[in-house]
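Written out below as C-alpha coordinates is the structure these notes cover.
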Amino acid sequence: MNYMSQKEIKNINKRSLAKITALIYGLVGFIMALIIAIANLTNIMRRQDFTGSVVLATLFNVGIGLFLGVLSALLTALIGWIFGYITAGIYNWFSGKIGGVKVELADVIEIKREDNTIKIENNLF
(Lines give C-alpha, C1' and ligand atoms only; values in the text may rest on other atoms or scores of the structure.)
Protein backbone atom coordinates (compact mmCIF):
# COMPACT_ATOMS: atom_id res chain seq x y z
CA MET A 1 0.00 0.00 0.00
CA ASN A 2 1.43 3.35 -1.04
CA TYR A 3 0.73 6.25 1.33
CA MET A 4 0.07 9.45 -0.57
CA SER A 5 -1.32 12.66 0.80
CA GLN A 6 -3.34 14.99 -1.35
CA LYS A 7 -2.83 18.73 -0.96
CA GLU A 8 -4.41 21.70 -2.68
CA ILE A 9 -2.67 24.88 -3.80
CA LYS A 10 -5.06 27.54 -2.49
CA ASN A 11 -2.97 30.66 -3.02
CA ILE A 12 0.13 31.60 -5.00
CA ASN A 13 2.23 34.52 -3.79
CA LYS A 14 2.08 37.02 -6.66
CA ARG A 15 5.58 38.43 -6.18
CA SER A 16 7.11 34.97 -5.88
CA LEU A 17 5.61 33.76 -9.17
CA ALA A 18 6.43 37.10 -10.81
CA LYS A 19 10.13 36.77 -9.85
CA ILE A 20 10.44 33.23 -11.18
CA THR A 21 8.58 34.10 -14.39
CA ALA A 22 10.76 37.19 -14.88
CA LEU A 23 13.94 35.11 -14.53
CA ILE A 24 12.71 32.51 -17.01
CA TYR A 25 11.55 35.14 -19.54
CA GLY A 26 14.79 37.10 -19.12
CA LEU A 27 16.95 34.03 -19.73
CA VAL A 28 14.95 33.04 -22.80
CA GLY A 29 15.08 36.62 -24.12
CA PHE A 30 18.86 36.77 -23.72
CA ILE A 31 19.40 33.40 -25.42
CA MET A 32 17.10 34.32 -28.30
CA ALA A 33 18.88 37.66 -28.81
CA LEU A 34 22.26 35.92 -28.89
CA ILE A 35 20.99 33.37 -31.42
CA ILE A 36 19.67 36.18 -33.62
CA ALA A 37 22.96 38.11 -33.30
CA ILE A 38 25.01 35.04 -34.26
CA ALA A 39 22.70 34.30 -37.21
CA ASN A 40 22.96 37.93 -38.34
CA LEU A 41 26.75 37.90 -38.02
CA THR A 42 26.95 34.64 -39.97
CA ASN A 43 24.74 36.08 -42.69
CA ILE A 44 26.86 39.24 -42.95
CA MET A 45 30.07 37.22 -43.14
CA ARG A 46 28.63 34.84 -45.73
CA ARG A 47 27.42 37.65 -47.99
CA GLN A 48 30.37 39.91 -47.12
CA ASP A 49 27.87 42.72 -46.65
CA PHE A 50 30.11 45.13 -44.80
CA THR A 51 32.72 47.76 -45.42
CA GLY A 52 36.10 47.64 -43.75
CA SER A 53 37.84 44.75 -42.12
CA VAL A 54 36.31 41.45 -41.11
CA VAL A 55 37.63 41.88 -37.56
CA LEU A 56 35.97 45.26 -37.06
CA ALA A 57 32.68 44.01 -38.51
CA THR A 58 32.83 40.97 -36.24
CA LEU A 59 33.61 43.00 -33.10
CA PHE A 60 30.89 45.53 -33.91
CA ASN A 61 28.27 42.82 -34.43
CA VAL A 62 29.31 40.91 -31.31
CA GLY A 63 29.09 44.12 -29.28
CA ILE A 64 25.69 45.01 -30.72
CA GLY A 65 24.57 41.41 -30.18
CA LEU A 66 25.56 41.49 -26.51
CA PHE A 67 23.92 44.88 -26.00
CA LEU A 68 20.70 43.68 -27.62
CA GLY A 69 20.92 40.46 -25.61
CA VAL A 70 21.04 42.38 -22.35
CA LEU A 71 18.32 44.79 -23.48
CA SER A 72 16.10 41.90 -24.61
CA ALA A 73 16.70 40.08 -21.34
CA LEU A 74 15.65 43.13 -19.33
CA LEU A 75 12.56 43.81 -21.42
CA THR A 76 11.41 40.19 -21.49
CA ALA A 77 12.09 39.91 -17.75
CA LEU A 78 9.84 42.92 -17.16
CA ILE A 79 7.13 41.38 -19.34
CA GLY A 80 7.58 38.06 -17.50
CA TRP A 81 7.24 39.78 -14.11
CA ILE A 82 4.00 41.45 -15.20
CA PHE A 83 2.59 38.21 -16.65
CA GLY A 84 3.59 36.23 -13.55
CA TYR A 85 1.95 38.75 -11.24
CA ILE A 86 -1.26 38.78 -13.29
CA THR A 87 -1.28 34.98 -13.61
CA ALA A 88 -0.97 34.50 -9.84
CA GLY A 89 -3.81 36.97 -9.28
CA ILE A 90 -6.04 35.17 -11.76
CA TYR A 91 -5.17 31.78 -10.24
CA ASN A 92 -5.91 33.03 -6.71
CA TRP A 93 -9.28 34.42 -7.83
CA PHE A 94 -10.29 31.17 -9.55
CA SER A 95 -9.00 28.96 -6.71
CA GLY A 96 -11.15 30.96 -4.30
CA LYS A 97 -14.22 30.32 -6.47
CA ILE A 98 -13.79 26.70 -7.61
CA GLY A 99 -10.83 25.35 -5.64
CA GLY A 100 -7.14 25.12 -6.33
CA VAL A 101 -4.95 22.60 -8.11
CA LYS A 102 -4.80 19.31 -6.24
CA VAL A 103 -1.36 17.74 -5.88
CA GLU A 104 -0.58 14.24 -4.67
CA LEU A 105 2.49 14.02 -2.46
CA ALA A 106 4.40 10.91 -1.43
CA ASP A 107 6.69 10.54 1.56
CA VAL A 108 10.28 10.07 0.35
CA ILE A 109 13.33 8.92 2.27
CA GLU A 110 16.55 10.33 0.87
CA ILE A 111 19.95 8.75 1.56
CA LYS A 112 22.97 10.81 0.54
CA ARG A 113 26.28 9.20 -0.33
CA GLU A 114 29.49 10.67 -1.70
CA ASP A 115 29.06 9.07 -5.14
CA ASN A 116 25.29 9.45 -5.66
CA THR A 117 21.89 9.97 -4.05
CA ILE A 118 19.34 7.23 -3.51
CA LYS A 119 15.64 8.08 -3.11
CA ILE A 120 13.27 5.51 -1.69
CA GLU A 121 9.50 5.99 -1.52
CA ASN A 122 8.07 5.29 1.89
CA ASN A 123 5.66 2.42 1.24
CA LEU A 124 5.24 1.37 4.87
CA PHE A 125 1.76 2.87 5.29
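Side notes on the structure shown:
- Of all residues in region 77-102, exactly one satisfies the criterion of being surrounded by 11 or more Cβ atoms within 10 Å (Cβ to Cβ), outside any helix (DSSP H, G or I) and not small (Gly, Ala, Ser), namely Val101.
- Ala18 under 25 Å from Gly100 (Cα atoms) and either at pLDDT 85 or above or surrounded by fewer than 17 Cβ atoms within 10 Å (Cβ to Cβ) (or both): yes
- Residues satisfying the criterion are present in region 59-76 (criterion: surrounded by fewer than 17 Cβ atoms within 10 Å (Cβ to Cβ), over 17 Å from Ile36 (Cβ atoms) and over 17 Å from the mean Cα position of the chain (by Cα)).
- Glu104 meets all of the listed conditions (1) modelled with pLDDT of 90 or more; (2) within 24 Å of Glu8 (Cβ to Cβ); (3) not hydrophobic (A, V, I, L, M, F, W, C) but one, namely (1).
The values are calculated or read from the model by the stated rules, or taken from the named source; none is laboratory data. These figures come from a predicted structure and were not determined experimentally. FYI the Cβ positions are ideal-geometry reconstructions off the backbone, even for glycines, and counts take in every protein chain you see.
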